[in-house]
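The values are calculated or read from the model by the stated rules, or taken from the named source; none is laboratory data. As the structure is a prediction and not an experimental result, all values here were calculated from the model. We place every Cβ from the backbone using ideal geometry, glycine too, and count neighbours over all the protein chains shown. The accessibility values were calculated without ligands, DNA or RNA, using every heavy atom of the protein model including side chains. Shrake-Rupley method; radii C 1.70, N 1.55, O 1.52, S 1.80 Å.
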Amino acid sequence: MTRISVNVDGTTYEDDVEPRLLLAHYLRDRLGLTGTPIGCDTSNCGTCTVDLDGASVKSCSVLAVQADGCEVTTIQGLARDGEWTALQHAFHEQHGLQCGYCTPGMIMAARDLLRENPHPGPDEVRQALEGNLCRCTGYQNIVRAVLAAAGHQAPEAASAPGPPVGEEVSA
């Protein structure tokens, strides 16, 4: 066992963990922060994305011992006093989610993008989110949500409906 101290969503935790324990499992199983889903356990899908010392990482590819002394922010740590961030509101308003499984990882990756580039274009959003998979939305509304949060979308474009059912959409 290895002793770690990690600040998660503003609270410091000190725990003894097995050196092979993944950060994703530490967050979910040890701390009960189930807002960070585990999709593939291979870092391919991005559902488990969290912020680690200011950068988004896939928590299934980071060991808990690697987070020792670090600051971790999960999707559950974004809202303050029950108030969603502008990005969370944009995902809701732009219908950037359907089943919601990929949403925490998408929001965390988008948050990282907007922190580095507060005014991205659609292609930059797509590139920043390429490591996060969604099987429900077709990505168009996710891109719209990120652009809306960045303040780049005109209100009429922001509320425009998605493509007709059955039409192919390129991400």
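Structure notes:
- Filtered residue count, the stretch 84-109, keeping only those that are touching a Cys at 6+ places or on another chain (Cβ under 6 Å), under 20 Å from Leu33 (Cβ atoms) and open to solvent by 70 Å² or more (accessible area, probe 1.4 Å): 1
- Any chance Ile75 is among the hydrophobic types (A, V, I, L, M, F, W, C) and open to solvent by less than 30 Å² (accessible area, probe 1.4 Å): yes
- Remark: pairs (first residue in the stretch 106-129, touching a residue at least 12 places away in the same chain (Cβ under 8 Å) and under 15 Å from Gly151 (Cα atoms); second residue assigned to a helix (DSSP H, G or I) and of a type in the set (Asp, Glu); Cβ separation under 9 Å; 6+ apart in sequence or on different chains) = Leu113/Glu124.
- Which numbered condition Ser5 misses (of (1) among the small types (Gly, Ala, Ser); (2) open to solvent by 50 Å² or more (accessible area, probe 1.4 Å); (3) over 23 Å from Asn132 (Cα atoms)): (2)
- Segments classed as strands (runs of 3 or more DSSP E), wholly inside the stretch 1-96, with at least 1 members that are of a type in the set (Gly, Ala, Ser) and within 30 Å of Tyr139 (Cβ to Cβ): 55-58
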